[in-house]
Every structure is written in C-alpha cells, then in structure tokens.
1. Can you tell me the orientation of helix 133-142 relative to the chain, as the angle in degrees between its alpha-carbon axis and the longest Cα principal axis, to the nearest 10?
2. Can you compute the helix-only [θ] at 222 nm over the chain? Use -39500 (n - 2.57) per DSSP H run of at least 4 residues, normalise by all residues, nearest 500 deg cm²/dmol.
3. Once you have a ≥ b ≥ c as the square roots of the Cα gyration tensor eigenvalues for the range 16-230, tell me rounded if a/c is under 1.5, and otherwise prolate or oblate according to whether a/b is larger than b/c.
4. In a GNM of the chain with a 10 Å cut-off on Cα contacts, which of Asp24, Asp219, Asp208 has the highest mean-square fluctuation?
5. Give me the lysines in straight-line cross-link reach of Lys222: C-alpha distance below 28 Å, same-chain residues under 8 apart excluded.
6. Just Ser35, Ser108, Ser194 to compare: in a GNM of the chain, with alpha carbon springs under 10 Å, which one fluctuates most?
7. Of the candidates Thr151, Thr187, Thr21, which one comes out as most mobile in a Gaussian network treatment of the chain with C-alpha springs shorter than 10 Å?
8. Once amide H atoms are built 1.01 Å from N in the peptide plane, which residues 5 or more positions from Tyr173, or in another chain, come under 5 Å H to H?
Amino acid sequence: MMVPGCAIGQAESIAEFFADTELDGILGLAFKDLSVTDTRHPFLQAVQLGLVDPILTVYLQRLGESAEGEYGGVYTYGGLDNENCGQVIAYEPLTLALYWQFNMKKFSAKNLVFKAGWEVMSDTGTSFLGIPSAIIDQIASTYNAKYNQTTDLYTVDCNTDVEFVLTIGDHAYVIEKKNLVYKFGNTCLIPMFSMGSGAFGPSWLLGDPFIRQFCNIHDFEKQRIGFAEPLRK
C-alpha cells in the first residue's frame with residue numbers, strides 16, 4: 001500500500017544498541033498530539049487519506065528461548081485480526097489519548113491483592129511489565145524471586161507457578177505462567193521491572209507478557225483499546 005505525504009524523521013545520533021540489531025528505525029503508533037513536530041505517523045496518515053480504517057490490531061506469538069529470526073506475530077493495520085484473535089472481550093476508554101493509556105482497577109497475584117486503581121499503558125515497545133516499586137517488591141517476596149542489581153532482573157525457580165490477574169473495567173485478565181516465567185538456559189526470570197514512584201504518567205506498563213496473552217485492538221477514532229484471546233496459544 002502506498003501512503004503519500006508521509007513525514008520521516010532522520011536521527012542525527014542513535015543509541016549504541018542499534019549497531020548490534022537488524023533494526024533500522026522506530027515506527028511510532030501513538031497519537032498525533034504526542035508528536036513534537038505536529039506530524040502523523042504513516043498509519044495515521046493512511047487513515048487521514050481514507051486508505052484504511054482507524055483500527056490497529058496487535059497479535060504477538062509466544063516463542064521459545066531458542067527462537068531467532070522466526071515469525072513472531074502480526075500487526076494488522078486497518079482492522080481486526082480474525083485469523084489470530086478471537087472475539088473482543090471488551091473495549092476500555094482511554095484516559096489520555098496520547099499513549100494507549102487507560103485505568104486498571106485491581107491487581108492480584110497468589111495471595112496478594114491491590115485495589116488502589118492505576119493509570120496503565122499498553123506498550124508494544126516494552127518487553128517486560130513495568131510495575132510500581134511497592135508492588136513489585138511484594139511480588140518478588142511472594143514468589144521467592146531474587147533481584148540482581150547488575151542485570152536488573154528478577155530470577156525465579158523455573159517450576160514456580162506465577163500468575164497475575166489484572167482487573168480492567170468489568171473483566172479480569174489472567175496472565176499465565178507461560179508468559180510470566182522466561183527461561184534462559186538454566187535460569188528463569190519473571191519479566192518485570194520497577195516503575196519507581198514518579199508523579200506523572202502511567203503507573204504500569206503492560207508490555208509483551210500482557211500482549212502475548214491478549215491481542216490488543218487499538219481504536220484511534222473512538223479512542224479506546226480492546227482485548228481478545230489469541231486463537232493460537
């Protein structure tokens with residue numbers, strides 16, 4: 001598909017990690033109001049021109065530790081992904097239409113239950129779950145996970161049954177062990193990091209573990225996000 005009139009930003013310097021990857025750049029998928037240059041990313045430009053519907057669906061496939069260069073999922077620009085995703089469980093209104101930010105009512109893990117209510121963000125660019133520091137410490141204690149200051153990772157016994165339940169709107173979304181215990185050789189870790197205690201922005205980042213568990217449907221026009229069970233698990 002040709003999308004006329006796209007604006008491309010050229011970086012004068014880039015982070016060192018790009019040198020060791022096959023990445024050539026970053027394609028943003030947030031809202032136009034976030035742009036410092038007041039430009040639309042290619043998908044929003046295609047929507048503006050009437051080339052596609054304002055729906056973006058993200059399906060991430062769960063692959064093993066040895067997977068490299070394999071099919072890892074599908075971004076469906078302009079509609080739902082009926083091949084990989086089931087019916088939409090529910091849509092949630094965005095609380096801030098800059099990022100894909102919405103409200104989460106409750107979080108539970110084993111015997112832990114938190115009901116503070118938080119601003120959270122679905123983030124396709126984050127590999128782990130970003131969790132408030134006060135909560136992540138209790139999660140680590142509950143599952144006997146050990147924090148490594150050098151790697152900033154939480155290691156855990158590979159046989160540990162880790163499960164998180166996120167209550168968003170009227171629905172409880174369960175992230176299962178298969179997406180919460182990552183194995184690297186003889187070591188396993190819980191894919192989470194501390195969000196600190198900043199006063200601004202979302203308190204949680206829902207990265208790949210959540211998006212692998214549930215397809216994310218981004219509705220730009222109605223400013224809402226939906227979730228669906230993947231058909232292939």
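1. 50 degrees
2. Numbers: 3 runs with 23 residues, N = 233.
Mean residue ellipticity, 222 nm, calculated: -2500 deg cm²/dmol.
3. Details: a/c = 1.61, a/b = 1.40, b/c = 1.15.
Cα axes put the range 16-230 in the prolate bin.
4. Most flexible of the set in this elastic network: Asp24.
5. Cross-link targets: Lys32, Lys105, Lys106, Lys115.
6. Of the options given, Ser35 has the highest mean-square fluctuation.
7. In the Gaussian network model the winner is Thr21.
8. Answer set, sorted by chain and number: Leu166, Thr167, Ile168.
Read the figures in this text as sums done on the coordinates, not as results from a lab. Since this is a predicted model, take the numbers as computed values, not measurements.
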